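Right, one structure below, let's go through it.
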Amino acid sequence: MNTQRGAAALLVAALLAVGVLLALLVTDIARVAAARTNASTAADAAALVAAPLTFSAFGSRTDPVQAAADLARANGAELVECHCLVDRSWDVRVVVAVVAIDVDLLVVPDRRVEAAAAAEFRPVLLGSG
């Protein structure tokens, strides 16, 4: 009878350990999903802030890359890349920002989540009222 109690206790302990491991895995998955959402938001914001700053016809002195990096950082991300060249022309331009967030995980190795976003800017709309 004692061996059955011991076996049952071992089974309960093993099931408890598996349950805890599954809960930690679910937590890791949720952390990665949240980081993806945050990275996407940060990339959108970085591209949107940089796009109008690429138009220098009015003499703007604000660096679009620095503005994108500052906004990405404010959203908990790091600006990895920004295709945002300053242009004095009235041509339509597209800015692309790529950001990354490092995610600390509990069970699996830590990950780096990246997201990219593009924003189009049409300087001609400034004068159209």
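For the pair VAL108 and ALA17, how long in nm is the line joining their label points, each one 7 Å along Cα→Cβ?
2.2
What is the angle, in °, between the Cα long axis of helix 2-53 and the longest principal axis of the Cα atoms in the chain? Nearest 10 is fine, range 0 to 90.
Between helix and principal axis, roughly 0 degrees.
Can you show me the helix-derived [θ] at 222 nm for the chain, built from DSSP H runs with n ≥ 4 at -39,500 (n - 2.57) apiece and divided by the number of residues, rounded to the nearest 500.
-17500 deg cm²/dmol
Per 10 Å bin, what is the whole-percent P(r) computed from every C-alpha pair distance within the stretch 2-127?
Using 10 Å bins, I get a P(r) of 14, 30, 19, 13, 10, 7, 4, 2, 1 for the stretch 2-127.
Rank by packing, highest mean first: peptides 18-29, 76-87, 37-48, with packing defined as the count of other Cβ atoms within 10 Å averaged across residues.
Answer by packing, highest mean first, reads 37-48, 76-87, 18-29.
Which angle from 0 to 90°, rounded to the nearest 10, does the C-alpha axis of helix 64-74 make with the longest principal axis of the chain?
Helix 64-74 sits at roughly 30 degrees to that axis.
Skipping prolines and chain starts, which residues have an amide H placed within reach, meaning under 5 Å, of the one on ARG111, given they are 5 or more residues away or on another chain?
VAL103, LEU105
Let me know the charge dipole size of the chain about its Cα centre in debye, to the nearest 20, where only the beta-carbon of Lys, Arg (+1) and Asp, Glu (-1) is charged.
Computed about the Cα centre, the dipole is about 280 debye.
Each value in this text was obtained by applying a stated rule to the coordinates, not by laboratory testing. All values reported here derive from a predicted model rather than from experimental measurement. Please note: Cβ atoms are built from the backbone with ideal geometry, for glycine as well, and neighbour counts cover all protein chains shown.
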